[in-house]
């Protein structure tokens, strides 16, 4: 079982050495300073503090430990950063993880071999000549075809499979596992498998690091015909690799490896639907373009995008009438708003925009024929909610009461999903201006009363709070008396001497410690601040405190990367659905969804026998949350104060009087904030112990 690897890696690595490979650092007292690699700056505001094993940029606000730096620098998730640094530190990952890594490497090698085979068929054989002519006819230069390693899959049933099995020693079952082949109709015929891609132009799909994960294929010619125009059962026009250990379509974007640098530099990602659209954009110089491998943009793809950019432009073939097959509909745009509202992506909805393309023109046509028009359309793209308001205003007759009612009903679910109250009010005013409906009426509809058409809102789905489900769960009300979640008796987790709940989950302190390969709790918690430990224990063992904690503090304010990963996982597990209902919390399900190191942290926290937060009263729990948040805020102030004192000493040494004055004022402001924190701490103590004088 993994556990304690992160702490061991940290203990063996010098954070200054790791960061110093990417940032030119200069010693400044007990810290090191340099120019931040994550935003443009001329005056160093990036600080590394070896005593805390931490880094912080006081310009852009990013910070954390050595893992978060590698995650930010390389745009990789925590498990990958852990593997990278563990290899550097000479720390062994557990055997299961090592076997899995080796297996994935083998599958990637097989995929790369197939890509090279298909590319050679396209560019150097008569079989590939029609496909090569097709690509050149679509405007693709030979340099683009070479750089993207485009290929051609011949029409034969097992052309690729036979070649790789007989000439490269690859097993047929490996071809099936990586998505290149399907089980054959007869095990006695040929190599026993058939090529998945036949008669298709192939587009290799790579992850953000450039590693091959799958293929996308487009039929050459019309559906139902082979490349020579002969009838055949050819399948869909576009075909992707199926789900494999390497490929998850919902978390992949075509050309993300080549686009991420430009996206980060421009701060914007442009998304198209098709491979050819994205590839043409790169050929003509618009390198911040990726393709979503279909008409829907998924939460996983949004999460991938927001590693590099906070602005998103959708250059889709949007079908407002819902009549064109395969087009991106208005409902998909509304769904995207819901996805963004339900995540901590950092993307504001006014930065999600729709590019208006000329009617009947695909993006690759506009890019090929009028690059300047493309540039202007992307620059003037319309915010997604404004786009929907305009779309629905044309769909309904706003001169009639019925048309106004249907217009309002169409938009209110979208407006209601907007988390930013200022933006929500602004778009509500736009609806009022466009429709002529009074604000009082719009607010009544927005707040969940009857719809504008007079129809009752949708009833609770079966099994949710209010539906009469006999699930043994308890609804949780927020401060306004609205249902914000529910607790199941089965999620009461036993820790220490007992619990206030009636049942207990499968994961408990006793169960964790009794495992044959019991966790080394001390090793795992080494380097995790006591405040971080207590906050997470509250979230894991007292689920009803989760909303209060997440309202008080965000994951990026926690110093330890593994702690951040667990905090985020808990938040995602409790995301409310489209009716604002939080799912029941299951510690067992949560741990099962985590990578091994983060799961080990969760189990180690549960395995700590004392103190047991479930023995505290509601007032004491509220005090604990406030106390822990104040402690972490004070730690952040100390970090800022150290930076200011270092900068002040430097300014005094160089005689920069303007900087000295500014830094002294900032130092005074920090002292004021510290005094305010002390007052908050005293007031919090009085709340939990009113007899204290």
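The values are calculated or read from the model by the stated rules, or taken from the named source; none is laboratory data. Treat the numbers as computed from the prediction; the structure is a model and nothing was measured. Quick reminder, even Gly has a Cβ in these numbers, built from the backbone with ideal geometry, and neighbours come from all protein chains shown.
General remarks:
- Evaluation of residue 290 against (1) modelled with pLDDT of 85 or more; (2) farther than 29 Å from residue 103 by Cβ; (3) not in a loop (DSSP other than H, G, I, E, B) (one fails), failing number: (2)
- Taken over the stretch 242-269, the criterion of being touching a helix residue (DSSP H, G or I) at 6+ places or on another chain (Cβ under 8 Å), under 30 Å from residue 100 (Cα atoms) and at pLDDT 85 or above is satisfied by 243, 244, 245, 246, 248, 252, 253, 254, 255, 256, 258, 259.
- Residues within the stretch 46-61 that are free of Cβ contacts under 8 Å to residues at least 60 places away in the same chain and crowded, with 16+ Cβ neighbours inside 10 Å, tallied: 5
- For the stretch 65-98, a tally of residues being touching a helix residue (DSSP H, G or I) at 6+ places or on another chain (Cβ under 8 Å), within 14 Å of residue 13 (Cβ to Cβ) and surrounded by fewer than 21 Cβ atoms within 10 Å (Cβ to Cβ) returns 7.
- Of all residues in the stretch 250-268, those satisfying the criterion of being within 17 Å of residue 294 (Cβ to Cβ) and surrounded by fewer than 21 Cβ atoms within 10 Å (Cβ to Cβ) are 250, 251.
- Among the residues of this structure, residue 107 does not count as one that is surrounded by 14 or more Cβ atoms within 10 Å (Cβ to Cβ), farther than 22 Å from residue 193 by Cα and touching a residue at least 12 places away in the same chain (Cβ under 8 Å).
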